[in-house]
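One structure is given here, and the rest of the page talks about it.
The values are calculated or read from the model by the stated rules, or taken from the named source; none is laboratory data. Predicted model, so just to flag it, every value in this text is computed and none were measured. Cβ: placed from backbone, ideal geometry, glycine included. Neighbour counts: every protein chain shown. With ligands, DNA and RNA removed, areas are computed over all heavy atoms of the protein, side chains included. Shrake-Rupley method; radii C 1.70, N 1.55, O 1.52, S 1.80 Å.
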Amino acid sequence: MFAIVFILILFVLLFLSVPIAFSLGLTTSIGMFVQGTLSLDVVPQRIFVALNSFPLMAIPFFILAGNLMGIAGISKRLVDFASSLVGHFTGGLAMVAIVTSMFFAAISGSGAATTAAIGSILIPAMVAKGYKIEYAAANQAVSGALGIIIPPSIAMILYGVAAEVSIGDLFLAGILPGMLITFSLLVSAFIISKRNGYVGEEKKSFKEVLIAFKRAILALLMPIIVLGGIYSGVFTPTEASVVAVMYSLFIGVFVYREISLIQLIETLKRSAISSSIIMLVIGSAGLFAYYLGMTGTPAMVFDALNVVIDNKYVFLIIVNILLLLIGMFMDGGAAILILVPLLLGTAVEFGIDPVHFGVIMVCNLAIGLITPPVGIDLFVAQQLTNISILRIGRAAIPLILILVVDVLVISFFPPLSTFIPALLK
């Protein structure tokens, strides 16, 4: 009974807009104090233990790498390359936004960063070509959600640490689901553009495609270097993040020559702040997970679910609904850290692969980036367009429904997530 009250206190604090890290820490401290089962000296100890993890070092480095690539002038190069590939189709610019977001997602690991970097270029271009501004914003916001699905993904690093599964496997597991979502968005862009008369650009010659590819190739190589290095055994995911930083810095300063000293200092500051916020949440979530384990809450959740659930398919349906709802109100990283200790044990008991379950969680929470009231990609798109969230959200509804269908396919067809990791083992 206390476990239920304990979790309810947490969600009450979250809905009262208490910062997530403080909600987790305060809830756990209250639970320890009321029950008297653990000394409050455990609080700083468990926070330190949660942060004392080598794989977690990948997060600040990937954040810094993404920010460096964002100011290195690669956005325009990726847009030009994507335009040379798909710009001539009906709805070409909408497709360019989707394909460029897929490319940039493989660099940034962040939905908001992808939406901002690509949307600042393509939303004005789409509007200038006659696209409705709300559709241009919605298309970019939804495409930006690929940022946490396509590897390297910060959300997948968080899940890997929380679930104690291979981050490299998670990165590989996100490739086919990311491609499925990209393809479905391209189909939707074609259909919507056909209905609204959004024509394509002039088709590029093969020579122009090669020129655009040559200009973008250094940016496109980064995810290949990261994943190739991990699976060839050259470096670990954490070491790969450092390689990504050095690579981003090298091409930004010495090849593209777009990064100035002032920009570098500001990027370091911004990256440090973003990393600190995430690490504070991780430390508090580690304390929260430890207390859940001490109170036997995961076992209670499993027993409670077993009363109403008799197979993994019903469990997956319930989990998908739960994740979609929570994603509407909570940051994806925090949701992963809170829910993994509660749900993963039950998923494993039902025979669900932990890597597959991680992809399900990340893809569901990616939808949370584009659903009100806290869909961060919507707010980024709103800042780029100065139109209401309501208008963007209404235009995004058909695209969100497509993503929901994609998530169901990913949930009930495990090979989409497990095939590539199994193939390379």
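For this structure, a couple of remarks:
- Some residue of segment 204-216 being open to solvent by less than 50 Å² (accessible area, probe 1.4 Å), closer than 21 Å to GLY66 by Cα and not polar (S, T, N, Q): yes
- Failed item in (1) modelled with pLDDT under 85; (2) more than 21 Å from the chain's Cα centre (by Cα), with ARG215 passing the rest: (1)
- The C-beta contact set for segment 221-243 (first residue among the charged types (D, E, K, R), second residue part of a helix (DSSP H, G or I), distance under 9 angstrom, 6+ apart or interchain) comprises GLU239/ALA58; GLU239/GLY229; GLU239/ILE230.
- Which numbered condition ALA335 misses (of (1) in contact (Cβ under 8 Å) with a residue 60 or more places away in the chain; (2) over 16 Å from ILE317 (Cα atoms); (3) part of a helix (DSSP H, G or I)): (1)
- Conditions (1) surrounded by fewer than 18 Cβ atoms within 10 Å (Cβ to Cβ); (2) farther than 30 Å from GLU239 by Cα; (3) β-branched (Val, Ile, Thr): number failed by VAL49: (2)
- The residue that is modelled with the lowest pLDDT, among those in segment 367-398 that are outside any helix (DSSP H, G or I) and surrounded by 14 or more Cβ atoms within 10 Å (Cβ to Cβ), is VAL374.
- Test result for PRO298, modelled with pLDDT under 80, open to solvent by 20 Å² or more (accessible area, probe 1.4 Å) and closer than 30 Å to THR346 by Cα: yes
- Filter result for TYR313 (modelled with pLDDT of 75 or more and in contact with a Lys or Arg (Cβ under 8 Å, 6 or more places away or on another chain)): no
- Close pairs (7 angstrom Cβ cut-off, 6 or more residues apart or separate chains): open to solvent by 10 Å² or more (accessible area, probe 1.4 Å) in segment 76-95, in a helix (DSSP H, G or I) and of a type in the set (Phe, Trp, Tyr) anywhere: PHE81/PHE213; PHE89/PHE190; THR90/PHE190
- Restricting attention to segment 96-129 and to residues that are open to solvent by less than 20 Å² (accessible area, probe 1.4 Å) and among the polar types (S, T, N, Q), the residue that is farthest from VAL187 (Cα to Cα) turns out to be SER108.
- Every pair of residues 6+ apart whose Cβ atoms lie under 9 Å, when the first sits in segment 187-198 and is open to solvent by 50 Å² or more (accessible area, probe 1.4 Å) while the second is in a helix (DSSP H, G or I): VAL187/ILE402; PHE190/ALA94; PHE190/MET95; ASN196/TYR135
- Out of ILE149, ILE118, sole residue that is in contact with a Ser or Thr (Cβ under 8 Å, 6 or more places away or on another chain) and in contact (Cβ under 8 Å) with a residue 12 or more places away in the chain: ILE118
- Residues considered: LEU401, LEU408. Of these, the only one that is at pLDDT 90 or above, open to solvent by 60 Å² or more (accessible area, probe 1.4 Å) and within 20 Å of ALA189 (Cα to Cα) is LEU401.
- Extreme residue, farthest from LYS194 (Cα to Cα), among residues of segment 92-132 that are under 16 Å from the mean Cα position of the chain (by Cα) and aromatic (Phe, Trp, Tyr): PHE104
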